[in-house]
Amino acid sequence: MSAARTAYTTFIYLAAPFAALYLLWRSRRQPEYRLHWSERFGFKRYVADRSRSLIWLHAVSLGETRAAEPLIDALAKRFPRHSFLLTHMTPTGRAAGADIALRWPGRVVQSYLPY
């Protein structure tokens, strides 16, 4: 393993408790931040149809998720043999993404972008 990768990995392990504390602090005002920690820390894998090619779209927040909605619809129609992974950073973005995933069952899966 390279020195840069070792340094990066060490930093991630040292920063993880602070990320967890931040999520707990945010959850005081928005309880949804207490949900889906396995996704946030990379322990839960998304389930997509492995027989399809995957297109990954990242929409950080609610606004970006709403802006990505017509793009996802157009891509899903243009590439009928592809699946889509939609990642988020905020609970409101994830909630909006759930509506998109319902419109394209089995083709759009979503997750928080792991730290």
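The numbers here are math on the coordinates, done by the rules we state, and not lab data. These numbers come from a predicted model, not from an experiment. Methodologically, a virtual Cβ is constructed for each residue, glycine included, from the backbone with ideal geometry; neighbour enumeration extends over all protein chains shown.
Taking segment 1-49 as the range and being under 13 Å from the mean Cα position of the chain (by Cα) and acidic (Asp, Glu) as the test, only 39 passes.
Taking the conditions (1) in contact (Cβ under 8 Å) with a residue 12 or more places away in the chain; (2) part of a loop (DSSP other than H, G, I, E, B) in turn, residue 57 satisfies each one other than (2). Residues of segment 34-57 that are over 16 Å from residue 98 (Cβ atoms) and not charged (D, E, K, R): 37, 38, 41, 42, 43, 51, 53, 54, 55, 56. Can you find a residue in segment 82-103 that is exposed (fewer than 14 other Cβ atoms within 10 Å of the Cβ) and part of a loop (DSSP other than H, G, I, E, B)? So far as segment 82-103 goes, no, none of its residues is exposed (fewer than 14 other Cβ atoms within 10 Å of the Cβ) and part of a loop (DSSP other than H, G, I, E, B).
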